[in-house]
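Right, one structure below, let's go through it.
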Amino acid sequence: MSPRNNRPRGGETPDERPGSGLDRFGLERTEEYQGEDWKVRHVAGASAAGKRYRCPGCDQEIPSGTPHLVAWPEYGGVDDRRHWHKACWNAKDRRTTKVQRSRNAPRY
């Protein structure tokens with residue numbers, strides 16, 4: 001039996017393939033938010049054991065090991081990355097500019 005061949009047929013380059021906004025594993029894409037392009041990548045959460053992040057959409061903590069996504073401006077650096085709940089990222093355009101917290105919620 002011959003080994004499996006994963007190369008594209010027909011001489012297509014990665015940019016010519018449908019869905020070329022994705023990286024080769026289909027985990028990263030480009031979206032527009034607040035008038036600029038943002039890179040968005042899914043994170044399984046398993047590799048970030050012991051780390052906790054705060055979602056800018058809901059201002060709640062993302063527990064360690066929880067699947068979520070990371071978004072950053074296309075021309076931003078490592079310090080510009082933000083970890084979001086998937087639902088919060090999808091609802092980002094429907095949210096107000098001020099995050100509503102309950103009275104006893106911690107302010108970080």
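The values are calculated or read from the model by the stated rules, or taken from the named source; none is laboratory data. This is a predicted model, so every value here is computed, not measured. Side chains are part of the model used for accessible areas, which takes the heavy atoms of the whole protein and leaves out ligands, DNA and RNA. Shrake-Rupley method; radii C 1.70, N 1.55, O 1.52, S 1.80 Å.
One table, with the values for the structure above:
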{"quantity": "Residue in the range 7-28 that is at pLDDT 70 or above and within 15 Å of the chain's Cα centre (by Cα) present", "calculated": "yes"}
{"quantity": "Count of the range 53-104 residues which are of a type in the set (A, V, I, L, M, F, W, C) and either at pLDDT below 85 or open to solvent by 50 Å² or more (accessible area, probe 1.4 Å) (or both)", "calculated": "3"}
{"quantity": "Residue in the range 31-52 that is open to solvent by 70 Å² or more (accessible area, probe 1.4 Å), among the hydrophobic types (A, V, I, L, M, F, W, C), assigned to a loop (DSSP other than H, G, I, E, B) and modelled with pLDDT of 65 or more present", "calculated": "yes"}
